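Rule-based calculations on the coordinates, nothing more; no lab input. All figures in this text were calculated on a predicted structure; none of them were measured in a lab. In this analysis, Cβ positions are derived from the backbone assuming ideal geometry, glycine residues included, and neighbour counts consider all displayed protein chains.
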Amino acid sequence: MATAIPPDDATRRLTLANPDDPAARHVSVAGGTYTILVSGEDTGGRYSLIDMLVPPGGGPPPHRHDFEEMFTILEGEIELTFRGKVHHASAGSTVNIPANAPHAFKNTSDKPLRMLCMCTPAGQEEFFMAVGDLVDSRTAPPPKLSPAERAERIQRAKALAARYRTELLV
C-alpha cells in the first residue's frame, strides 16, 4: 500500500547556488579549493554539494566514510583509486563511491580539475570547513603553508575525522 507524501515543509527555502557568489564559502583542502554550493543546513541534512577545483597533483589521501559520495567531472580528468584499483574519469563522467569503500583521487594532468561532489547524507562540507583554510573565491589558490602548518592541518584532520564519519587511511 502506498503511503501519502508528507505535506510541504514551508520552513525550508529554495536554494539557488552560484560558485562565484561573494557570499559562498570557499575553503582550501588537500591542495584544492572547495566551494560549498549546497550545505546540509540547506537540505535538512539530506545531502551537500561541493564545487571542487583541484590543481595538478592535488587530491586527498586514501580515506573512507560512511556516506555516499558522487563526483561529476566538469573539466579535466582524475585518477581514482577505489578499493586498491586505479580508474580514470574525464569531463562528462560521473563516479559514485559507495559508503565505507576505501578510495582516493588525484589530478594527474597538467591542468586544473573541476568537479561537483555530492555527499549523502550531508556533513562532509562541515569537515572541510573544520580542517581547511578559508580562501576568498572559487579560483583562489591555496595558501602557502610551511611544513609545520601542513603537519598541523594533517593532525587536525586526523583528530576530527571520526566526528565527521571519516577514516583517513594514512
Legend entry - Label-point gap, in nm, between residue 17 and residue 100 - each point 7 angstrom along Cα→Cβ: 2.7 nm
Legend entry - Scattering curve values for segment 12-76, log₁₀ I(q)/I(0), Debye with Cα scatterers, q = 0.18, 0.25 Å⁻¹: -0.79, -1.32
Legend entry - Principal-axis tilt of helix 147-160 within the chain, Cα atoms, nearest 10 degrees: 30 degrees
Inset, instruction - Rank 123, 44, 7 by how far each Cα sits towards the positive end of the charge dipole of the chain (+1 on Lys, Arg Cβ; -1 on Asp, Glu Cβ) and give me just the farthest. - result: 123
Legend entry - Listed residues 101, 148, 122, most fluctuating in the chain (Gaussian network, C-alpha, under 10 Å): 148
Inset, instruction - Name the shape class, rounded, prolate or oblate, that the alpha-carbon gyration tensor gives for segment 38-111, where a ≥ b ≥ c are the square roots of its eigenvalues, rounded holds for a/c under 1.5, and otherwise prolate holds if a/b is larger than b/c and oblate otherwise. - result: oblate
